[in-house]
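Below is one structure, written out as structure tokens; comments come after it.
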Amino acid sequence: MPELPDITVYIEALERRLRGARLESARISHPFLLRTFDPPLSSLFGRRVLGLRRLGKRIAIGFEGEHWLVLHLMIAGRLHWLDPGPAAKKGRGALAYLVFDTGTLTLTEAGSKRRASLSVFGSSQQLAAVDPGGLEVLDASLEEFGSRLLAGNHTLKRSLTDPRTFSGIGNSYSDEILHRAQLSPVMLTQKLSPEAIRRLYEAARAVLTEWTGRLREEAGAAFPEKVTAFRPQMAVHGRFGQPCPVCGTAVQRIRYAENETNYCPRCQTEGRILADRSLSRLLKDDWPRTVEELEA
């Protein structure tokens with residue numbers, strides 16, 4: 001799922017192409033993509049784009065008359081930009097075609113599951129209702145971060161990825177943040193020391209800032225087309241079995257549903273191998289508990 005760095009770069013690219021542009025027409029090719037009906041999508045036709053903003057992992061496009069078009073890409077949704085002219089006809093297979101006087105924005109979604117969505121709102125009040133309310137880590141003080149973190153008692157992985165707690169952080173960057181902070185993904189928030197909270201705060205700000213810069217540099221003036229949750233420069237996310245860049249220990253994972261948590265057992269869990277919900281139950285006594293058992 002595109003997270004804060006990816007969404008930020010998407011918005012910057014869209015700002016350069018859409019601010020001041022007029023929406024001329026739209027075509028939706030999947031019946032479940034558009035999640036609202038009042039106001040209709042056609043109410044945006046002829047309106048100019050005044051600006052864009054991020055709501056957690058959503059992209060909100062603001063139009064004249066306080067109308068908003070909100071795109072939620074979920075896991076596999078991606079955006080593409082087609083300049084005016086013959087190239088605009090290449091966007092076949094998209095779920096949505098938004099035709100502006102500056103070019104065409106399309107939305108595609110890999111796989112057969114349709115989770116991405118478009119919503120139209122007729123006021124800023126309606127828009128605010130879909131904001132999960134997570135704290136913007138890059139704008140927050142250490143005290144604000146700690147207060148939000150300790151408001152509940154959940155695992156660090158769950159707290160970082162809860163959109164009502166922190167804004168824009170998902171599966172990928174939570175792994176990177178926890179590795180940078182040298183904290184276990186299953187540690188409970190209310191067991192954190194003040195020093196550990198500070199490390200987590202600094203790691204979150206550093207990882208999000210660094211990756212936004214990397215993705216911005218990678219895209220340059222072009223529209224970002226290589227949006228993915230798995231990147232070779234990442235420390236642990238998507239790198240199961242590969243060496244940790246800090247200590248060389250093989251990266252481990254916890255699998256659950258369609259997601260997985262990646263971590264370094266030596267850097268983050270004091271050498272312990274965390275139980276996988278399914279595989280550890282299957283292997284029972286054969287499941288390695290420590291790095292030493294794993295390597296043996």
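Identify the trypsin sites (Lys or Arg not before Pro) of the range 29-105 meeting these criteria: DSSP loop state and at most 10 other C-beta atoms within 10 Å of the C-beta.
On the way: sites: 35, 47, 48, 53, 54, 57, 58, 78, 89, 90, 92; in loops: 35, 47, 57, 92.
Filter output for the range 29-105: 92.
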TODO: Take the alpha-carbon centre of the range 212-256, take the same for the range 102-167, and report the distance between them in whole Å.
DONE: 21
Open item on the list: I need the peptides 142-151, 261-270, 202-211 ranked by packing, meaning the mean over residues of other C-beta atoms within 10 angstrom, with the highest value on top.
Closed with: 261-270, 202-211, 142-151
TODO: Sum up the lysine pairs in the chain that clear both bars: alpha-carbon distance under 29 Å and a spacing of 8 or more or different chains.
DONE: 16
- [ ] Please state the charge dipole magnitude for the chain, taken about the Cα centre, from unit charges on C-beta atoms (+1 on K and R, -1 on D and E), reported in debye and rounded to the nearest 20.
- [x] 680
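So which chymotrypsin sites (Phe, Trp or Tyr not before Pro) in the range 1-71 end up in coil per DSSP with only 16 or fewer other C-beta atoms within 10 Å? Show your work: numbers first, answer last.
On the way: sites: 10, 32, 37, 45, 63, 68; in loops: 32, 37, 45.
Passing both the DSSP loop test and the Cβ count: 32, 37, 45.
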TODO: Calculate I(q)/I(0) for the range 169-285 by the Debye formula, one identical point scatterer on each C-alpha and no solvent, and give its log10 at q = 0.16, 0.18 Å⁻¹ to two decimals.
DONE: -0.80, -0.98
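What dipole magnitude, in Debye to the nearest 20, does the range 4-129 give about its Cα centre under +1 on Lys/Arg Cβ and -1 on Asp/Glu Cβ?
Details: 19 positive and 10 negative charges, 74 e Å.
Taking the Cα centre of the range 4-129 as origin, the dipole is about 360 debye.
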Task: Helix-only [θ]222 nm of the chain, DSSP H runs n ≥ 4, -39500 (n - 2.57) each, per residue, nearest 500 - done: -8500 deg cm²/dmol
Task: Which of 43, 159, 193 has the fewest Cβ neighbours within 10 Å, and the rest in rising order - done: 193, 43, 159
TODO: Could you tell me which Cys residues in the chain have no other cysteine's Cβ under 4.7 Å from their own Cβ, answering none if every one has a partner?
DONE: 247
Task: Charge dipole (the chain, unit charges on Cβ, about Cα centre) - positive-most of 153, 28, 256 - done: 28
- [ ] Report the one residue of 127, 111, 243 whose Cα lies farthest in the direction of the positive end of the charge dipole of the chain (charges on C-beta: Lys and Arg +1, Asp and Glu -1; origin at the Cα centre).
- [x] 111
- [ ] Please state, to two decimals, what the Cα-based radius of gyration of the range 191-255 comes to when divided by 2.2 N^0.38 Å (N = residues).
- [x] 1.39
- [ ] Enumerate the calculated ³J(HN,Hα) couplings along the range 55-70 in order (Karplus 6.51 cos²θ - 1.76 cosθ + 1.60, θ = phi - 60°), each rounded to whole Hz, writing x wherever the residue is Gly or Pro.
- [x] 10, x, 9, 9, 10, 10, 9, x, 10, 3, x, 6, 9, 9, 10, 10
TODO: Return the long-range amide H neighbours of residue 52 (sequence gap of 5 or more, or a different chain), with a cut-off of under 5 Å between placed amide H atoms.
DONE: 62
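Here, each number is a calculation from the coordinates, and none is a lab measurement. Model, not experiment: these values are computed from the prediction. Heads up, the Cβs are rebuilt from the backbone with ideal geometry, glycines too, and the neighbour counts pull from every protein chain shown.
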